[in-house]
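Student: A single structure is presented below for examination.
Each reported figure results from applying straightforward, stated rules to the coordinates on display, with no laboratory input. Quick caveat: nothing in here was measured; it's all calculated off a predicted structure. Here the Cβ positions follow ideal geometry from the backbone for every residue, glycine too, while neighbour counts run over all protein chains shown.
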Amino acid sequence: MINKIYDILPEFLQTILINTVKSIKKFFYKLSKLFRRFQNSKPEIIHEFNFNRKYGPLPRVCYAPYTSLFLSRLGYISPCYASYNSDSSHISKESLKTAWFDGSIERIRKKHLNYDFSECSLCKSLLEQKAFGSLLINKYDHYSFSRSSYPRIIEFELSNKCNLSCIMCDSNLSSRIEKTECNNISGNQFYGEKFFEDLEEFIPHLHLAEFTGGDPLIIDEYYRILQLIKKLNPSCSILITTNANTYNEKVEWILNNFKKINFNVSIDSLDAENYSKIRRNGDFNKAIKNLELFIEYSRKNKTYLNILVCPMTVNFHEMADFVNFANEKDICVFFHTVVKPKHLSLKYNRSDSIQENIENFKSLKFPDKTKNQKTNKKNFEDLVNLVEIWQSELELQMRKNQNQFRELSISEMEESLFKKIRGEEKFVNYKMQTILEKYKNNDNYKVLLSKLVAVENQKFIRYLREKETDELLLITEDLIKSTK
Ligand code: SF4
């Protein structure tokens, strides 16, 4: 009810309402914290998070286990996409109802009451890093007022059927990758007739049905669920996360039969060439054309459309462009937290160009007059903040490694470098010998060796394999300079 009233308020009243409620709640929270100082077992980090929440302090740390159901492609049932594991309830063993009321979701609820986030590693580490703006928990705060015992959100990830094979994706989420890697397309393996029957009890309680994949626009099971929603809960909001490479009669059917469809459109580059390198088999022009059609629908029906971006080593330099693009279209841009694959993740790779981008991004000023502009600015700042934290952690780790290796002798470090490339082809060996020969008599040779030894093995080999000797010498030159 409160959600519904809030949703129909004009933007400026929503902001006033949120800020007023937030201030009152913060005041009482501070007061209660003061009085309960001696018996309060709540970790300090949770207090800090509470002061940073959109709606102010809330009684529970995360509302996902009380309001949301995630149905993974592997059959596991959990509160959100980041909290399932091999001990989670499975649709082949438990009904939806058992999983929700008594299964592993109840187990997570109990754990959260004791501030145990052992099944929520993504949120746990973001909380520890104080990256509050990037927390998945934030998504569910909007439903914290719900009094229903049934989930308000169901996120369907029933099939991996997809037309693209993006570089950061895997066979679990893309049938195209699965076909290439395993010569197999598994699609929907676990959700059968019994599931569709059980679902009928849940649909009337839903406020939001989310469809992910694969690409939802080519997954047949989703059209079946949409038919059920049309029959049992036509006022339910729908969120479709798509790569926007598909537009056909079925998509038209959705757009013509539902008035509350929201879109998350995944576009990881605004440069056609980089787009095709990241979203393999994707068509940039088609995606932009369909994006425009979906924007038109959402304007007409007053729904929302966000663009979702996976910030990685290969597109980080474009992140500010996304903010400008989104502001221009008067839509929002959200940035995913990409931690895998490791070789593309900003959490595991450090480079001068990433540092330069961070410095440049921090100096940018974005408009913040409208609600969307404010959101875009905040999302961008949260992203830059998070990447900066990651990069300093990497630097710290690198320094620790270097100090540890500096205690080794020159020959021990050289030996360690050759161990790294053991089994590699001759040209890899040759490139490394050329570098070592060139700098052998340099005063900083030992420090250079300690830096090279500290580089993660796979990255070290990748550089030697992929870069030309001249380029490697330039990189080494920079390393030597940075030791002075
Ligand atoms: S704490 Fe994070 S990972 Fe755990 S249920 Fe909540 S949103 Fe999901």
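Student: Looking at 339, 305, 403, which one has the Cα that reaches farthest to the positive end of the dipole of the range 295-438 (charges on Cβ: Lys, Arg +1; Asp, Glu -1)?
Tutor: Positive-end residue among those listed: 305.
Student: Which loop-located trypsin sites (Lys or Arg not before Pro) does the range 380-446 contain, where loop means any DSSP state but H, G, I, E or B and the Cβ has at most 12 other Cβ atoms within 10 Å?
Tutor: 422, 440
Student: Additional query: With an 8 Å Cα cut-off and a minimum separation of 6 or more residues, compute the relative contact order for the chain in percent.
Tutor: Once normalised by length, the contact order is 9 percent.
Student: List the GluC sites (Glu not before Pro) within the range 414-452 that DSSP assigns to loop and that have no more than 13 neighbouring Cβ atoms inside 10 Å.
Tutor: 425
Student: By how many nm would the segment from residue 41 to residue 220 grow when fully extended, if each residue of separation counts as 0.36 nm and the alpha-carbon distance is taken off?
Tutor: 59.6 nm
Student: What number, rounded to the nearest 500 deg cm²/dmol, is the helix-based mean residue ellipticity at 222 nm of the chain, given -39500 (n - 2.57) per DSSP H run of at least four residues and division by all its residues?
Tutor: -16000 deg cm²/dmol
Student: Here is a follow-up. I want to make sure I understand the PRE zone here: with the label point 7 angstrom from the Cα of residue 334 toward its beta carbon, which residues in the range 115-148 have backbone N atoms less than 13 Å away?
Tutor: It comes to 134-143, nothing else.
Student: Sorted by mean Cβ packing within 10 Å, highest first, what order do the peptides 473-479, 64-70 take?
Tutor: The most tightly packed comes first, giving 64-70, 473-479.
Student: Determine the gain in length on full extension of the stretch residue 125-residue 197; use 0.36 nm per residue of separation and subtract their C-alpha separation, reporting nm with one decimal.
Tutor: Length difference between fully extended and current span is 22.1 nm.
Student: If you filter the range 268-315 for trypsin sites (Lys or Arg not before Pro), then keep DSSP loop positions with at most 13 other Cβ within 10 Å, what is left?
Tutor: Sparse-neighbourhood loop trypsin sites (Lys or Arg not before Pro): 302.
Student: Additional query: Over all alpha-carbon pairs in the range 288-375, figure out the percentage whose distance exceeds 18 Å.
Tutor: Beyond 18 Å sits 52 percent of the P(r) for the range 288-375.
Student: For an R0 of 25 angstrom, estimate the FRET efficiency from the Cβ-Cβ distance between residue 285 and residue 167 and round to the nearest 0.05.
Tutor: About 0.80, to the nearest 0.05.
Student: Full extension from residue 9 to residue 360: what is 0.36 nm times the residue separation minus their Cα-Cα distance, to one decimal in nm?
Tutor: Gain in length upon complete extension: 122.6 nm.
Student: Based on a Kirkwood Rh over C-alpha pairs, give the Stokes-Einstein translational diffusion coefficient of the range 317-364 at 4 °C and viscosity 1.567 mPa s in µm²/s.
Tutor: Answer, rounded: 106 µm²/s.
Student: Here's another thing I want to ask about it. Considering Cα pairs under 8 angstrom that are at least six residues apart, work out the relative contact order of the range 194-315 and quote it in whole percent.
Tutor: 24 percent
Student: Along the positive direction of the dipole of the range 350-484 (beta-carbon charges: Lys, Arg +1; Asp, Glu -1; about the Cα centre), which of 357, 413, 434 reaches farthest?
Tutor: 357
Student: On to the next question. Taking only the Cα atoms of the range 46-107, how large is their convex hull per residue, in Å³?
Tutor: It comes to 95 Å³ per residue, whole-number rounded.
Student: Expressed as a rounded percentage, what relative contact order does the range 161-218 have, with Cα pairs under 8 Å and six or more residues apart?
Tutor: 39 percent
Student: Hey, what's the Kirkwood Rh for the range 177-279 if you take every pair of different alpha carbons, in angstrom?
Tutor: Taking the inverse mean of 1/r over all distinct Cα pairs, the range 177-279 comes out at 15.4 Å.
Student: Looking at the calculated P(r) for the range 143-229, what percent of the C-alpha pair distances fall above 17 Å?
Tutor: That fraction is 52 percent.
Student: A follow-up question, please. List every residue whose amide H lies under 5 Å from the amide H of residue 305, counting only residues 5 or more places away in sequence or on a different chain, with H placed 1.01 Å from N in the peptide plane.
Tutor: Placed amide hydrogens put 263, 332 under 5 Å from residue 305.
Student: Looking at the square roots a ≥ b ≥ c of the eigenvalues of the Cα gyration tensor of the range 268-328, which shape do they give, rounded for a/c under 1.5, prolate if a/b is larger than b/c, or oblate?
Tutor: oblate
Student: What size of dipole, in debye to the nearest 20, comes out for the chain about its Cα centre when the only charges are +1 on Lys and Arg C-beta atoms and -1 on Asp and Glu C-beta atoms?
Tutor: That gives a dipole near 1680 debye.
Student: Over the chain, one equal point on each Cα, no solvent: what is log10 I(q)/I(0) by the Debye formula at q = 0.07 Å⁻¹?
Tutor: Relative scattering, expressed as log10 I(q)/I(0), comes to -0.45.
Student: Here's something else I'd like to know. So which of 139/342; 110/347; 378/451 end up more than 28 Å apart by C-alpha?
Tutor: 110/347; 378/451
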